[in-house]
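Nothing in this text is a laboratory measurement; each read-out follows from the coordinates by a stated rule. Please read these numbers as outputs of a predicted model, since none were measured by experiment. As a convention, Cβ positions derive from the backbone with ideal geometry for all residues, glycine included, and neighbour counts pool all protein chains shown.
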């Protein structure tokens, strides 16, 4: 290679063998069949001519991009134009040199794949343990609570600090909700008990005044035997009325109270009132709410009994099955004129009857008490019998023990 420089009228020139310039490239490992060389811009080799000719490597494809050449395209040709001369520096790298490190790369890839295969189950296990299981326990607890099991709590188990905090907060919240619900429930029970006592203690002032008037009239005619009987009946009547601490009594006690009430009314309406009660022996120890039967009988006496025509009241008590459960069925029927159509419509719509003074009548009192005691498990129906008379049917769940 020659390079000439002009300085004024003087020319300076230098030449050097191209092989000398290739000495630094001999330190680069191009493989057994590879090497570096100089080539003209037309693609003619200036050094390593035998390497180019033997392998038929084309050097005129341009040095802008890498390309494959040779007999079997088994050389990677990499070149760079010289900035000082009209030649290119070209490197011929055989494919076996490029691929000689491939087994190591394959081993690295295999190792990475194996590591991923091992770490994937471990990652899934950690994901399940730290996230999925705590979430599943939380969801199971919430489903049980939605089903009404407010005592449900999430057990303590090893997990992340975040889920430990969530579980503790959840348990504390449910404890407070359960305690609040118990307090509200107890308060409601207390209010219901107070209302039951108040309803049971409601005494008809007209009945009380009429009873005193009967005693007074008997005293005027000096009928002391009837006065004693009337006084005893009134004493037993009010003793039963004031048993306000009881929500249930035995059926035989309720029937005895009803008979006692009948006796008082017979003294008030002599010859105008008769009564008949049919109750099987096995039911007399069944528990029923107090003042239920007597209240309906009292309502019948109040609205059906007149001095013009005798009234007969019959009560039939038996056991029926309602929705697969045994219930006590009480049917009260009289021979009076029956319910007025307007009143019957109100009763059949489960609406309350109110007196002219704005007070609820005894039927509403009983309905309210039964709703408090049985919720929707009680049934009360009102109708007019054939050919006459009012019919009241009460169906209550059986309580054999209290």
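Details
- With respect to the chain, whose longest principal axis is taken over its alpha-carbon atoms, helix 205-220 is tilted by about 20°.
- Percent RCO, i.e. relative contact order, over the chain, from Cα pairs under 8 Å lying at least 6 residues apart: 8 percent
- For residue 11 and residue 96, the FRET efficiency from 1/(1 + (r/R0)^6), where r spans their Cβ atoms and R0 equals 56 Å, is about 0.70.
- Folded to 0 to 90 degrees: helix 251-268 orientation relative to the chain principal axis, Cα: 40 degrees
- Theoretical ellipticity at 222 nm over the chain - DSSP helices of four or more residues, -39500 (n - 2.57) apiece, nearest 500: -15000 deg cm²/dmol
- Of 331, 14, 52, the one that fluctuates the most in a GNM where the chain has Cα springs shorter than 10 Å: 14
- When the chain is treated as a GNM with alpha-carbon contacts under 10 Å, the residue of 381, 82, 147 showing the greatest mean-square fluctuation is 82.
- Spin-label model, residue 284/residue 314: points 7 Å from Cα along the beta carbon direction are separated by 2.2 nm.
- Normalised contact order of the range 2-99, rounded percent, pairs of Cα under 8 Å and 6 or more residues apart: 24 percent
- Largest GNM mean-square fluctuation across 339, 111, 207, computed for the chain with C-alpha springs under 10 Å, falls on 111.
- When DSSP beta bridges are restricted to pairs lying wholly in the chain, around 90% turn out antiparallel.
- Here the contact order of the range 103-196, divided by its residue count and restricted to Cα pairs under 8 Å and six or more residues apart, works out to 20 percent.
- Legend: ranking of residues 95, 155 from fewest to most surrounding C-beta atoms inside 10 Å; resulting order 155, 95.
- Ordered by the count of other Cβ atoms within 10 Å of each Cβ, fewest first, 254, 393 give 393, 254.
- Note on residue 25 and residue 168: the model spin-label points, each 7 Å out from Cα along the C-beta direction, lie 7.3 nm apart.
- Each of 334, 50 has some number of other Cβ atoms within 10 Å of its Cβ, and from fewest to most they run 50, 334.
- Relative to the longest principal axis of the Cα atoms of the chain, the long axis of helix 161-200 lies at roughly 10 degrees.
- Calculated FRET efficiency for the pair residue 351/residue 183, C-beta based, R₀ 41 Å, to 0.05: 0.75
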